[in-house]
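Here's the structure we're looking at; comments come further down.
The values are calculated or read from the model by the stated rules, or taken from the named source; none is laboratory data. For clarity, every value in this text was computed on a predicted model and none was experimentally measured. Reconstructed Cβ throughout: ideal geometry from the backbone, glycine too, with neighbour counts over all protein chains shown. With ligands, DNA and RNA removed, areas are computed over all heavy atoms of the protein, side chains included. Shrake-Rupley method; radii C 1.70, N 1.55, O 1.52, S 1.80 Å.
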Amino acid sequence: RIRQACPEAGIRSNFIVGFPGETEQDVDTLRGFLEAARLDAIGVFGYSDEDGTEAESLPGKVDPDEIARRVEDVASLADELMSQRAGDRIGTDSDVLLERRLGPGRFEGRAAHQAPEVDGVTMVRTGQDARVGDMVRARFAETDGVDLAADAVEVLSTAGR
């Protein structure tokens, strides 16, 4: 429903695999959900006991080697799906905050759907007199995994000029 209302929305979630009692069918259900949901950012973590939690005493512990295998399997799928989702953005526009100058007319930034330090980045080519801190409207042109490259279309706001 979110995608219908706002196709450019960035959606992220984290998942723990290997929770006590988890079955291979449960992992298949998670894989199916991830394929259908088309999330922009996916974190996958292996379950581990935490002192004082209810889960620490649950039966049906999953073997640590199996947890590691499930993390690797689901994380690999997640990487593929996140790259596909980045590819879906090619040709679309987004607001991008320019965060680091890479060279003349080249910046690293963060598009509206990208969280700082945990999601991919957007490399922006600008022909304008742009600076770090500026907000630009940019059109996505290519991807490298979850990272995007875009061309600035318009400077929306300037960093205190």
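Selection of the stretch 5-29 for residues being at pLDDT 90 or above, of a type in the set (Asp, Glu) and either in contact with a Cys (Cβ under 9 Å, 6 or more places away or on another chain) or open to solvent by 40 Å² or more (accessible area, probe 1.4 Å) (or both) yields Glu24, Asp26, Asp28. In the condition set (1) modelled with pLDDT of 95 or more; (2) surrounded by 14 or more Cβ atoms within 10 Å (Cβ to Cβ); (3) charged (D, E, K, R), Arg85 is compliant with all but (1).
Highlighted here are the helices (runs of 4 or more DSSP H) found entirely within the stretch 1-115 that include at least 1 residues which are within 13 Å of the chain's Cα centre (by Cα): 24-37, 64-88.
Quick grid of which residues meet (1) loosely packed, with under 15 Cβ neighbours inside 10 Å; (2) hydrophobic (A, V, I, L, M, F, W, C); (3) under 30 Å from Gly21 (Cβ atoms):
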{"site": "Val71", "(1), (2), (3)": "no, yes, yes"}
{"site": "Ile90", "(1), (2), (3)": "yes, yes, no"}
{"site": "Leu102", "(1), (2), (3)": "yes, yes, no"}
{"site": "Gly109", "(1), (2), (3)": "no, no, no"}
{"site": "Met123", "(1), (2), (3)": "no, yes, no"}
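Whether a residue is in contact with an Asp or Glu (Cβ under 8 Å, 6 or more places away or on another chain) and more than 24 Å from Leu148 (Cβ to Cβ) was assessed, and Glu22 does not pass this test.
No other residue among Gly87, Gly60, Gly52, Gly109 is more than 23 Å from Val155 (Cα to Cα) and touching a strand residue (DSSP E or B) at 6+ places or on another chain (Cβ under 8 Å) apart from Gly87. Every condition in (1) touching a residue at least 12 places away in the same chain (Cβ under 8 Å); (2) under 19 Å from Arg12 (Cα atoms) holds for Glu117 except the one numbered (1). Does Ala36 satisfy being closer than 24 Å to Ala112 by Cβ, of a type outside the set (Ser, Thr, Tyr), open to solvent by 50 Å² or more (accessible area, probe 1.4 Å) and at pLDDT 90 or above? So Ala36 passes the test.
Of all residues in the stretch 108-161, those satisfying the criterion of being within 20 Å of Gly87 (Cβ to Cβ), at pLDDT 90 or above and of a type in the set (Asp, Glu) are Glu108, Glu142, Asp144, Asp147, Asp151.
Please verify whether the stretch 132-152 includes one or more residues that are free of Cβ contacts under 8 Å to residues at least 60 places away in the same chain, open to solvent by 80 Å² or more (accessible area, probe 1.4 Å) and outside any strand (DSSP E or B). Among the residues of the stretch 132-152, not one is free of Cβ contacts under 8 Å to residues at least 60 places away in the same chain, open to solvent by 80 Å² or more (accessible area, probe 1.4 Å) and outside any strand (DSSP E or B), which makes the answer no.
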